[in-house]
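Visitor: Sharing a structure, written as C-alpha cells. Questions coming.
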Amino acid sequence: MAAVRVGEIELDCERSGSGPPLLLIMGMSGTTLHWGEAFLAELRREFEVITYDHRGVGASTRLHGALTIRQLADDAAGLLEALGVESAHVLGISMGGMVAQELALAHPQRVRTLTLGCTYCGGPESSLEAMLSGDRERALRTAWEVNVSAQMAADAQAYARFLEIAKRRAVAVPVIMAQMQASLAHDTSARLHGLTLPVLIVHGSADQMLPVANAHLIHSLIGGSRVEILDGVGHLFFWECPQRAAELVRAHAAVPA
C-alpha cells in the first residue's frame, strides 16, 4: 500500500496485476483487506487492480466531520487522476456501489464499464437494512451473519478469516456512522437513466443487508443494463463465490478468459 495525494487528502492505495485498469470501491466499514485474496488473485490475472481505503479508513487521511457519497465519488475520480489513469473499469460493492453510481454520473469519462454489486440506489422503492451494536464482538458476529449466506455463516474457518481482517485493520465507529449516514442520504434513483455506459448488476438472492429487490430496481432504471442474481448467496458474494464473481467482471469488461 502507498499513500497517494488526492487534493487535500491522502488515500492508501495498492496497484497489482497487469492489464486494463480495474478500480475496486469497497463498502461501508470495509477495507482493502475485505476483498479477499481469492477474489483479488482471480482479477489480477486479467487486470491491473486498483484498491484503496476510503478517507478515515486505515492509513488514509483521518475523517473530520460528515461524509457524502458524492464526496467519496470525487475521491475516487481524484485517485484515478493522481495515478495517471484516464479511465478504468469500475466495480463498487454495497456503499462502494453507491459511490460507483455517483462516480459514473459525475465523472463519466473516468468509467469504461460499471459493475454494481449488492448495492442500493435510494428512492422510495429501495430497501436498506443496517445493524450496529455497542458490543464489538457481537457486532462482528452479527455483521458476518447478515453479510453471507446461512451456509457460509456456519463455516468456522471463513469466520476466523473475517475476524482476522477486522483485527488487522479496524474501522473506527465514528467513521462507520458517517458512512452509514452518507448511505442513508444516497439517492440516484431519478438520475440513473442518464447512464449510457455498459452496466452489470450483481446481487446474491440471500442478501440480508441489501435485499435482492434493489438489484431489480436498479436494473429497471438503467436502460441496457444486465443483472446477474447469484442463487443462495449473501451480501459478500465475492467471498462466497470469488471465481464466479471475477468471471462476471471479466466478461463484462470484455476481457478474454
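The values are calculated or read from the model by the stated rules, or taken from the named source; none is laboratory data. These figures come from a predicted structure and were not determined experimentally. A quick note on method: Cβ atoms are made from the backbone with ideal geometry, for glycine too, and the neighbour counts reach across all protein chains shown. These accessible areas exclude ligands, DNA and RNA; they are computed on the full protein's heavy atoms, side chains included. Shrake-Rupley method; radii C 1.70, N 1.55, O 1.52, S 1.80 Å.
Visitor: Hey, could you check region 78-117 for residues that are open to solvent by 10 Å² or more (accessible area, probe 1.4 Å) and in contact with a Gly (Cβ under 7 Å, 6 or more places away or on another chain) and say which is farthest from residue 247 (Cα to Cα)?
Guide: Per the stated criteria, the residue is 78.
Visitor: Filter region 73-128 down to the residues that are charged (D, E, K, R) and outside any helix (DSSP H, G or I), then identify the one that is modelled with the lowest pLDDT.
Guide: Top of the filtered list is 125.
Visitor: Here's another thing I want to ask about it. Any residue that is over 17 Å from the mean Cα position of the chain (by Cα) and exposed (fewer than 15 other Cβ atoms within 10 Å of the Cβ) - is there at least one of those in region 9-23?
Guide: yes
Visitor: Inside region 142-171, can you point out the residues that are touching a Leu at 6+ places or on another chain (Cβ under 7 Å) and either among the hydrophobic types (A, V, I, L, M, F, W, C) or part of a loop (DSSP other than H, G, I, E, B) (or both)?
Guide: Result: 148, 163, 165, 166, 169.
Visitor: Does at least one position in region 172-180 carry a residue that is surrounded by 22 or more Cβ atoms within 10 Å (Cβ to Cβ) and either in a helix (DSSP H, G or I) or modelled with pLDDT under 85 (or both)?
Guide: Residues of region 172-180 that are surrounded by 22 or more Cβ atoms within 10 Å (Cβ to Cβ), as a first pass: 179.
Cutting the leftovers down to either in a helix (DSSP H, G or I) or modelled with pLDDT under 85 (or both) gives us 179.
The answer is yes; a qualifying residue exists.
Visitor: Tally up the residues in region 27-58 that are open to solvent by 10 Å² or more (accessible area, probe 1.4 Å), of a type in the set (A, V, I, L, M, F, W, C) and modelled with pLDDT of 95 or more, please.
Guide: Total satisfying the criteria: 3.
Visitor: For a quick check of your reading of the model, give me the residue pairs whose first member lies in region 13-37 and is in contact (Cβ under 8 Å) with a residue 40 or more places away in the chain, whose second is open to solvent by 10 Å² or more (accessible area, probe 1.4 Å) and of a type in the set (Phe, Trp, Tyr), with beta-carbon atoms closer than 6 Å and at least 6 apart or on different chains.
Guide: Close Cβ pairs (under 6 Å, with a partner that is open to solvent by 10 Å² or more (accessible area, probe 1.4 Å) and of a type in the set (Phe, Trp, Tyr)) amount to 36/239.
Visitor: Just one of the numbered conditions (1) part of a helix (DSSP H, G or I); (2) in contact with a helix residue (DSSP H, G or I) (Cβ under 8 Å, 6 or more places away or on another chain); (3) farther than 26 Å from residue 241 by Cα is not true of residue 188; which one?
Guide: Result: residue 188 passes all but (1).
Visitor: Here is a further query. Might you check whether a residue that is open to solvent by less than 20 Å² (accessible area, probe 1.4 Å), under 23 Å from residue 113 (Cβ atoms), out of contact with any Leu (no Cβ under 6 Å at 6 or more places or on another chain) and without any contact (Cβ under 8 Å) to a residue 40 or more places away in the chain occurs anywhere in region 220-229? First the steps, then the outcome.
Guide: Within region 220-229, the subset open to solvent by less than 20 Å² (accessible area, probe 1.4 Å) is 222, 225.
Now drop any that are not under 23 Å from residue 113 (Cβ atoms), which leaves 222, 225.
In the following step, the residues that additionally are out of contact with any Leu (no Cβ under 6 Å at 6 or more places or on another chain) were identified as 225.
Those left that are additionally without any contact (Cβ under 8 Å) to a residue 40 or more places away in the chain: 225.
For region 220-229, residues open to solvent by less than 20 Å² (accessible area, probe 1.4 Å), under 23 Å from residue 113 (Cβ atoms), out of contact with any Leu (no Cβ under 6 Å at 6 or more places or on another chain) and without any contact (Cβ under 8 Å) to a residue 40 or more places away in the chain: present.
Visitor: Could you list, in sequence order, all residues of region 181-208 that are open to solvent by 10 Å² or more (accessible area, probe 1.4 Å), within 15 Å of residue 100 (Cα to Cα) and among the polar types (S, T, N, Q)?
Guide: 189, 196
Visitor: When you look at residue 45, is it without any contact (Cβ under 8 Å) to a residue 12 or more places away in the chain and not polar (S, T, N, Q), yes or no?
Guide: No: the conditions fail for residue 45.
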